[in-house]
Amino acid sequence: MEYDAIVVGAGIAGLTATAETADAGKKVLLLDQEPEASLGGQAWWSFGGLFLVNSREQRRLGIKDSKELAWQDWLGTAGFDREEDEDYWARKWAEAYVDFASGEKRAWLHAMGIRFFPVVGWAERGGHLADGHGNSVPRFHIVWGTGPGIVEPFERRIREHMKNGLVTYLPRHRVDHLTCQNGTVTGVAGSVLVPSPAPRGEDSSRDVIGTFEYSAQAVLVSSGGIGANHDLIRKNWPDRLGNPPEKMISGVPAHVDGRMLGITEEAGGRLVNRDRMWHYTEGIHNWNPVWSNHGIRILPGPSSIWLDARGKRFQAPNFPGFDTLGTLEAIKKTGFDYSWFILTQKIIEKEFALSGSEQNPDLTGKSIRKVLKRALPGASGPVQAFMDKGEDFIISHHLDDLVNRMNKLTGQSLLDYTKIKSQIEARDREIDHPFTKDLQITAIRGARHYIGDKLIRVAPPHKILDPKNGPLIAVRLNIVSRKTLGGLQTDLAGRVLNASGDAIPGLYAAGEAAGFGGGGLHGYRALEGTFVGGCLFSSRAAGRAIGRNVM
């Protein structure tokens, strides 16, 4: 065989697995249907948040974390309930990942040159009981350089191996099926696509100009999930989240289509936990889209008033940034695919960040000077651009005008000014004293006990309707598709299992295609910072296993 291993998919999982396999002296063929401009896949576009436990950054900020607390949070979030079957390997992967995140993960990344922004973010705050969903402490570590800062050291390792002859990288090679012999996966076959000038992330042609077939002792599938395939999302949509959305925007490029999941299943691989998925509720249409139906997620602080499509305020713990899927379920139960934030200028200046490397040029460009500008008055440049040009933003100095324009935006007269005014006035009265029965205000005040939130993330509690805090801002929030939590079931070496639970010789999977490990190490929900990290961990394990096992 010309190659020891074939890796299908050149996202961060594919890059990591390829680098680890080549580090063991094995010859690797890396295939991807996209042009070379998209090397690194979704990770390049990410905000670059990584889940770390008891890190140096946490300790500097006075955050007391531990592996035991992180595992408690993971179990309360995952809610594993198929442990004799679909969750058997998922739980083992989860425990191994928490060990990794609280152990060598930071040192491993640091040795490759990855550094972290000093303020640790507090994502998925939960809002339930101590043993329920959410992070008990801040654990969201933003990579200095965001997504490109994560991709760069792995791409560098790949380029070095390409020079020394251990890695061959072929973009525009779409795998159409896995070749098998006597129950063993022996290679891949597929179509050579026409060369494409499409820049990173943009839709590329699917025109075919040729075919290929390659063989190897090991084939690793690292092709991602189904986030851009809305039909497949709807097909797998769980009843517990209500009816599937009729309208969604896409948080990932069009090539995240799930093709290889079906192809691997046809070769005998077992897909598990298909009903588990991760979509955001705070999506806005990108005014300057890169891919089709391009959506951006708002990373909100806790202060915005969150209303359903009819103008009713959501109940605890459905506050901004607390429980993504809990709020998604609440939204879908209203019968609509959208909801609203109402907030003030003071809130948007302090609390609005946008997910994505391109939406954070200061962090992505590693510019300390530009990062410091976040402390100045006014919204950040990317946020201001959405305020000026985004179709989902409405700005007004008067609530009645704001509500009228909200109704006009949707073309429906669902919002009643009097009822919305009454709810916000009731909330504002709770600001007058240090006591409150409004749990959102309690959460805001609690968040500001953490120095990171107080400095750059959470606005001081103030009255929404006080003109000095304005103007008022309304944001229509759409459901934005993102991650597949289930996937190909794998053992701790990344070997794909069949329906009988046996490893298929020659076949491996990693990253989102494997549910980030084991077919779904997140269970039902995620703690955030665990998607790119799960790709790194699962592909590192699989790549090293291939390096040990192929002869």
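The values are calculated or read from the model by the stated rules, or taken from the named source; none is laboratory data. The shown structure was predicted, so the numbers you read here are calculated from the model rather than taken from an experiment. Counting neighbours? That spans all protein chains shown, and the Cβs are built from the backbone with ideal geometry, glycine included. Just the protein is used for accessible areas: all its heavy atoms, side chains included, with ligands, DNA and RNA removed. Shrake-Rupley method; radii C 1.70, N 1.55, O 1.52, S 1.80 Å.
Some points to look at:
- Volume of the convex hull of the range 220-307 (Cα atoms only), normalised per residue: 141 Å³.
- About the Cα centre, charge dipole magnitude for the range 325-454 (Lys/Arg +1, Asp/Glu -1 at Cβ), debye: 460
- Antiparallel DSSP beta bridges within the chain, percent to nearest 5: 70
- Based on every Cα atom in the range 32-98, Rg and the maximum pairwise Cα distance Dmax equal 16.7, 46 Å.
- Per residue accessible area in Å² of the chain, where ligands, DNA and RNA are left out and the probe is 1.4 Å: 38
- Sum of side-chain charges, R313 neighbourhood, beta-carbon under 11 Å (Lys, Arg +1; Asp, Glu -1): +2
- Carbon and sulfur %, accessible surface of the range 321-441 computed with the full protein complex present, 1.4 Å: 53
- Per principal axis, descending, Cα span of the range 192-258 in whole Å: 43, 33, 18
- Taking every lysine pair in the range 310-378 that is 8 or more places apart or spans two chains, those with Cα atoms closer than 25 Å amount to 9.
- Taking the range 283-346 and dividing mean pair separation by its residue count, relative contact order in percent (alpha carbons under 8 Å, at least six apart): 31
- For the range 304-406, the spread of Cα positions along each principal axis, largest first, Å: 44, 32, 21
- As a length-normalised measure over Cα pairs under 8 Å and 6 or more apart, the relative contact order of the chain settles at 23 percent.
- Across the chain, the convex hull enclosing all Cα atoms gives 138 Å³ per residue.
- Whether the range 152-208 is rounded, prolate or oblate, judged on the alpha carbon gyration tensor where a/c under 1.5 counts as rounded: oblate
- Leading residue at positive end of dipole, the chain (Cβ point charges), from H161, V8, M551: H161
- Sum of side-chain charges, L232 neighbourhood, beta-carbon under 15 Å (Lys, Arg +1; Asp, Glu -1): +2
- Only Lys, Arg (+1) and Asp, Glu (-1) charged, at Cβ; the range 1-156 dipole about Cα centre in debye: 920
- Shape call, the range 74-228: gyration tensor on alpha carbons, a/c limit 1.5: prolate
- Alpha carbon convex hull of the range 411-551, volume per residue in cubic angstrom: 212
- Cα gyration tensor shape for the range 1-132, rounded if a/c is under 1.5, else prolate or oblate: prolate
- log10 of Debye I(q)/I(0), alpha-carbon scatterers only, for the range 249-353 at 0.13 Å⁻¹: -0.61
- Of the residues K437, K67, the one with the largest accessible area comes first in the ranking K437, K67, computed with a 1.4 Å probe on protein heavy atoms.
- For the range 125-164, pairs of C-alpha atoms spaced more than 16 angstrom apart make up 59 percent of the total.
- For the peptides 349-357, 97-105, the ranking by packing is 349-357, 97-105, with the highest mean count of neighbouring Cβ atoms within 10 Å listed first.
- Summed over qualifying helices (DSSP H, 4 residues or more, each -39500 (n - 2.57)) and divided by its residue number, the chain shows a 222 nm mean residue ellipticity of -9500 deg cm²/dmol.
- Aspartates and glutamates whose Cα lies under 19 Å from that of K64, excluding same-chain neighbours fewer than 8 positions away: D73, D99, E104, E124, D131, D453, E528
- Dipole of the range 165-299, positive end: most advanced residue of S204, W291, Y214 [Cβ charges, Cα centre]: W291
- Rounded to the nearest 20 debye, dipole of the chain from Cβ charges on Lys, Arg, Asp, Glu: 1640
- Accessible surface of the range 200-273 [probe 1.4 Å, protein heavy atoms]: carbon and sulfur percent: 42
- Radius of gyration, Dmax [the range 293-333; alpha carbons; angstrom]: 10.6, 31
- Given charges at Cβ of Lys, Arg, Asp, Glu: the chain dipole, positive-most of F341, G378, A19: G378
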